[in-house]
Every structure is written in structure tokens, then in C-alpha cells.
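Notes follow the structure.
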Amino acid sequence: MKSRKRKHLLTVTFTLIGLAVSCGAMYIYLLRYFFYNKYNIHAQRAALDRLNAVYHQEFELLSIEFETTEVRIGGASYVHMWTYTFEDSNGRQFYVYVRLCGLSERGSGNFHAPDYSSYVNDTYGQLCLEERLGDKYDLYKYRQDKVSRFPDGEDYIFICTKDNTKEIAEILTEIYFAETEFSDNGCLYCRVNDEHGEKLFSYFWSSVTRNLQKQNKEITKETVYVYILQEIQN
């Protein structure tokens with residue numbers, strides 16, 4: 001009788017242990033592949049995919065931070081943001097931001113990995129560009145803070161007046177050729193506004209290249225400059 005009770009007790013004990021282990025494993029799985037949190041695998045892969053897609057080198061991940069902020073986007077909602085600190089081979093540190101919107105502050109998540117790439121941005125392009133052109137054109141005064149500019153992701157915003165149109169076209173031409181030194185197919189987004197904040201021109205390396213190719217134009221500093229100047233003026 002005692003032996004039978006002991007066997008029953010052991011069976012119940014092992015069953016409970018098995019359930020606890022299973023629940024723990026399931027929680028760890030959800031933590032890494034579903035829940036929006038610091039340890040989410042999809043967000044980290046989205047950050048790495050961004051770097052691999054646009055730059056010519058490998059980077060070391062130094063740290064991860066995660067925060068959730070309540071915002072107003074068509075009603076009460078939340079923005080979940082991962083901040084990854086990376087370092088390049090020369091010891092230069094920069095940040096990659098991954099953001100997703102959600103309806104709840106905690107307990108929400110997403111299994112669909114491609115969704116994590118919907119808004120990924122980094123500061124490495126700004127870092128590399130300003131090392132090359134920052135002092136020449138005082139780019140720091142045009143730089144946009146990637147942390148606060150969501151959902152917009154401009155790297156630089158230029159304000160066009162009747163007196164500086166050619167200067168802005170010259171700066172963007174220099175940016176175009178500087179990007180090819182550290183990025184595949186471009187990585188920077190620049191916007192030119194008028195004095196009232198209305199957009200005149202959006203600069204992407206890829207769109208400038210594509211449009212010049214459509215026009216059967218050889219890509220030189222002169223053709224890039226003329227194209228950008230015309231786009232701003234139109």
C-alpha cells in the first residue's frame with residue numbers, strides 16, 4: 001500500500017516537474033521569439049540585417065536597451081524601441097534603433113520576423129559622413145536626432161532659401177559621392193524644405209542614381225549636381 005502511494009507521489013512529482021520545465025521552456029521561447037522585450041531575437045536580427053545590407057564591414061554588438069513609450073497615433077498606443085550599441089573595427093561606437101507599434105504596454109508581441117524590419121535606423125551613416133564632410137560643410141547643424149524623429153527618419157534636413165539653393169545642391173552632391181565610400185547602394189535620407197517647412201526634395205542615393213540612369217546620363221559630379229539643383233528648384 002505504501003509502495004503504491006509512493007509510486008503515485010513520484011508520478012505526480014515528476015509530472016509537475018515536467019510541466020514546470022515545459023512551461024519554463026515555453027516562456028523562454030516566447031521571450032525570445034514573440035514578446036517585445038530586450039531579448040527578442042527578431043529585433044536583433046533586424047538590426048544586424050540592416051547593417052549587413054548597407055555597409056562594407058562587420059560590427060560588434062556591445063549592449064541592448066529596450067523601452068516602451070505611450071504615444072498618440074489614432075488613439076492610445078505604444079512604441080516599443082530597441083537600442084543596440086555597436087562598434088566598428090576602428091572602435092567607433094554608434095546606435096541602431098528598431099521600433100514597432102503595439103496596442104498594449106506589456107505582454108504583446110509578434111512571431112512574424114519581417115515585421116521587425118518595418119522601422120530600423122542607425123547612426124553609422126551620419127558618423128561616417130561627418131568624418132568626411134562634417135567640418136567642410138558644418139553638417140552637424142543639419143543633423144537629425146534619430147531617437148526623437150519617429151516615424152520620420154531623416155538624417156539631415158536642409159532649409160532652402162533664395163540665396164542657398166546652389167550651396168545645398170553642392171552639399172548633396174558631395175554626400176552622394178561620399179556615401180559610396182562606406183555604403184552599398186546608399187544609406188542616408190536627406191530632405192530639403194522651404195522656409196515654411198514644405199518639402200522640396202527628398203534625397204536618396206539610390207533614387208538619384210536610378211533617375212540619372214533613366215536619362216542615360218553618365219554619373220559625374222556635374223550631372224549629379226545639375227540633377228539635384230533642378231529637382232530642388234522644381
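The values are calculated or read from the model by the stated rules, or taken from the named source; none is laboratory data. All values reported here derive from a predicted model rather than from experimental measurement. Please note: Cβ atoms are built from the backbone with ideal geometry, for glycine as well, and neighbour counts cover all protein chains shown. These accessible areas exclude ligands, DNA and RNA; they are computed on the full protein's heavy atoms, side chains included. Shrake-Rupley method; radii C 1.70, N 1.55, O 1.52, S 1.80 Å.
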Find all pairs meeting these conditions: Cβ atoms under 9 angstrom apart; at least six residues apart or on different chains; first residue within segment 130-144 and in contact (Cβ under 8 Å) with a residue 12 or more places away in the chain; second residue open to solvent by 30 Å² or more (accessible area, probe 1.4 Å) and assigned to a loop (DSSP other than H, G, I, E, B).
ARG132/GLU181; GLN144/ASP152
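So, of the residues in segment 209-221 that are touching a helix residue (DSSP H, G or I) at 6+ places or on another chain (Cβ under 9 Å) and within 15 Å of ALA169 (Cβ to Cβ), which turns out to be most open to solvent (accessible area, probe 1.4 Å)?
Among those that are touching a helix residue (DSSP H, G or I) at 6+ places or on another chain (Cβ under 9 Å) and within 15 Å of ALA169 (Cβ to Cβ), it is LYS221.
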Touching a residue at least 12 places away in the same chain (Cβ under 8 Å) and either open to solvent by 10 Å² or more (accessible area, probe 1.4 Å) or among the acidic types (Asp, Glu) (or both): is that true of LEU127 in this structure?
yes
Where the second residue is among the aromatic types (Phe, Trp, Tyr) and at pLDDT 90 or above and the first is open to solvent by 60 Å² or more (accessible area, probe 1.4 Å) and lies in segment 88-109, which pairs have Cβ atoms under 6 Å and are six or more apart or on separate chains?
GLU105/TYR78
Of (1) of a type in the set (Val, Ile, Thr); (2) at pLDDT below 90; (3) touching a strand residue (DSSP E or B) at 6+ places or on another chain (Cβ under 6 Å), THR11 fails just (3)
Can you name the residue in segment 180-208 that is closer than 19 Å to LEU133 by Cβ and of a type in the set (Ser, Thr, Tyr) and, of all such residues, is surrounded by the fewest Cβ atoms within 10 Å (Cβ to Cβ)?
THR180
Which residue is nearest to PHE204 (Cα to Cα), if the candidates are limited to segment 110-124 and must be open to solvent by less than 10 Å² (accessible area, probe 1.4 Å) and not acidic (Asp, Glu)?
TYR124
Tell me the residue from GLY91, GLY74 that is modelled with pLDDT of 85 or more and either out of contact with any helix residue (DSSP H, G or I) (no Cβ under 8 Å at 6 or more places or on another chain) or at positive phi (or both), please.
GLY91
The one condition in (1) surrounded by fewer than 19 Cβ atoms within 10 Å (Cβ to Cβ); (2) aliphatic (A, V, I, L, M); (3) farther than 29 Å from TYR95 by Cα that VAL224 fails to fulfil:
(1)
Close pairs (9 angstrom Cβ cut-off, 6 or more residues apart or separate chains): under 19 Å from ARG92 (Cα atoms) and free of Cβ contacts under 8 Å to residues at least 24 places away in the same chain in segment 40-66, open to solvent by 60 Å² or more (accessible area, probe 1.4 Å) and in a loop (DSSP other than H, G, I, E, B) anywhere:
ASN52/GLU58
Would you point out which residue out of GLY186, GLY197 is within 30 Å of GLU58 (Cα to Cα) and either at pLDDT below 95 or not aromatic (Phe, Trp, Tyr) (or both)?
GLY186
Based on this model, can you work out whether ASP138 counts as open to solvent by 60 Å² or more (accessible area, probe 1.4 Å) and either closer than 17 Å to CYS190 by Cβ or of a type in the set (A, V, I, L, M) (or both)?
yes
Going by what's in this entry, would ASP152 be described as free of Cβ contacts under 8 Å to residues at least 12 places away in the same chain, open to solvent by 20 Å² or more (accessible area, probe 1.4 Å) and closer than 26 Å to ARG45 by Cα?
yes
Might you let me know whether segment 105-124 holds any residue that is of a type in the set (A, V, I, L, M, F, W, C) and under 17 Å from ALA178 (Cβ atoms)?
no
